[in-house]
1. Considering only residues of region 220-251 that are within 22 Å of Asp189 (Cα to Cα) and of a type in the set (D, E, K, R), which is surrounded by the most Cβ atoms within 10 Å (Cβ to Cβ)?
2. Of the conditions (1) near the ligand (Cβ under 8 Å from one of its atoms); (2) touching a residue at least 60 places away in the same chain (Cβ under 8 Å); (3) surrounded by fewer than 23 Cβ atoms within 10 Å (Cβ to Cβ), Asn155 satisfies every one except a single condition; which number is it?
3. If the requirement is being over 15 Å from Asn196 (Cβ atoms), in contact with a Gly (Cβ under 7 Å, 6 or more places away or on another chain) and at pLDDT 95 or above, which of these qualifies: Ile141, Ile150, Ile164?
4. Do we have any residue at all in region 133-147 that's touching a Ser or Thr at 6+ places or on another chain (Cβ under 8 Å), over 21 Å from Ile248 (Cβ atoms) and loosely packed, with under 15 Cβ neighbours inside 10 Å?
5. Show me the helices (runs of 4 or more DSSP H) entirely contained within region 220-285 in which 2 or more residues are β-branched (Val, Ile, Thr).
6. Which is among the basic types (Lys, Arg) and under 18 Å from the mean Cα position of the chain (by Cα), of Lys241, Lys235, Lys227, Lys184?
7. Can you tell me which residue is farthest from Gly55 (Cα to Cα) among those in region 1-19 that are surrounded by 16 or more Cβ atoms within 10 Å (Cβ to Cβ) and of a type outside the set (A, V, I, L, M)?
8. Among the residues of region 4-24, is any more than 24 Å from the chain's Cα centre (by Cα) and farther than 20 Å from Gly99 by Cβ?
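The values are calculated or read from the model by the stated rules, or taken from the named source; none is laboratory data. Just so it is clear, the structure is predicted and the values come from calculations on it, not from any experiment. Neighbour counts are summed over all protein chains in view; Cβ atoms, including those assigned to glycine, are modelled from backbone coordinates with ideal geometry.
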Amino acid sequence: MNINSNSKTLCLLGHPVSQSFSPSIQNHLFKKYNLNKLYVCFNVKENNLGDSIDGIKALGILGGNITIPHKVNVIEYLDWVDENSRLIGAVNTFKNEDGILKGYNTDGKGFVKSIIDKGYDLNNKKIMVLGAGGASRSICIELASRGVEIIYIRNRSIEKPKEISEAIMTNFDTKVSCSVDKIKREDLDNIDILINTTPIGMGTCECPIDEAIVPSNNLLVCDIVYKPHNTQLLKWASKHKLQVIYGIDMLINQGLEAFHIWTGIKPIKEDEDEIKHIYEASINI
Ligand code: NAP
């Protein structure tokens with residue numbers, strides 16, 4: 001990449017950011033599409049967020065991503081957020097339009113694209129989502145906007161599932177059922193898609209469901225955890241010959257959506273494949 005006096009900067013704001021894959025995604029695309037842009041990471045602690053946003057405006061940074069712990073708090077510093085982000089209550093992408101900072105959320109869209117790309121139709125489907133944090137909320141809102149019939153949210157506590165349920169029931173036709181109960185085989189028999197959005201399995205070989213369960217239907221199993229690539233939940237699913245979707249697909253897709261917001265360029269399948277190869281090489285799959 002030829003960085004010069006006309007290069008424009010985009011960035012990630014988060015804490016920590018040292019393990020982020022976003023620079024690999026975006027700098028690959030900037031180079032490929034011959035854009036004189038550069039993506040860097042800024043390690044921003046919680047109490048420095050406001051100053052960072054002022055800095056973005058002052059320096060003319062074109063846009064960027066927002067990650068933990070700023071996805072919710074950043075909204076108060078933005079000039080505008082889209083309807084999707086308002087419903088989710090969190091932003092993971094922003095664009096600087098002549099000093100006006102606009103916020104978007106590409107997490108749920110990125111996840112849903114990973115399902116649709118595999119040829120699945122979400123209309124009238126029954127879906128179980130494990131976890132009710134920020135990622136769950138953006139995925140559930142996006143699923144509801146795609147016309148799924150019912151979302152069963154399972155979480156260890158009930159407050160966050162209820163908040164997601166309320167947001168969905170007041171804005172969409174999708175039904176929501178919340179529970180803290182342990183998952184049984186009968187629960188899985190009743191759904192089309194199972195999605196893990198808890199961090200269970202991240203960096204460990206723990207599984208968010210009881211691995212002794214033998215599913216009797218042909219459900220699709222998705223994990224948004226991407227480290228390790230093949231999580232214990234996905235190993236369990238593969239053992240029972242179920243279709244799986246890996247967390248890396250959502251990670252790449254949310255980045256492609258953000259690239260589209262900043263540049264107006266819609267990435268193609270070849271871009272996705274190239275980025276997947278970069279990722280696989282980086283973790284030695
Ligand atoms: P979050 O806001 O902290 O939410 C985590 C959720 O999981 C909460 O509902 C929490 O329950 C539940 N949970 C946490 N630890 C648990 C445990 N030990 N046992 C049972 N439930 C537990 O996190 P997030 O931002 O949604 O992220 C969740 C995971 O998704 C992380 O691993 C993150 O790396 C991954 N992620 C992946 C992508 C991608 O592109 N692939 C994007 C975003 C996030 P309570 O409500 O009771 O606290």
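1. Asp223
2. Here Asn155 meets the rest and fails (2).
3. It is Ile141.
4. Yes: one or more hits.
5. So the answer is 247-263, 269-282.
6. Lys227
7. Restricting to residues being surrounded by 16 or more Cβ atoms within 10 Å (Cβ to Cβ) and of a type outside the set (A, V, I, L, M), the top hit is His15.
8. Yes, because at least one residue in region 4-24 is more than 24 Å from the chain's Cα centre (by Cα) and farther than 20 Å from Gly99 by Cβ.
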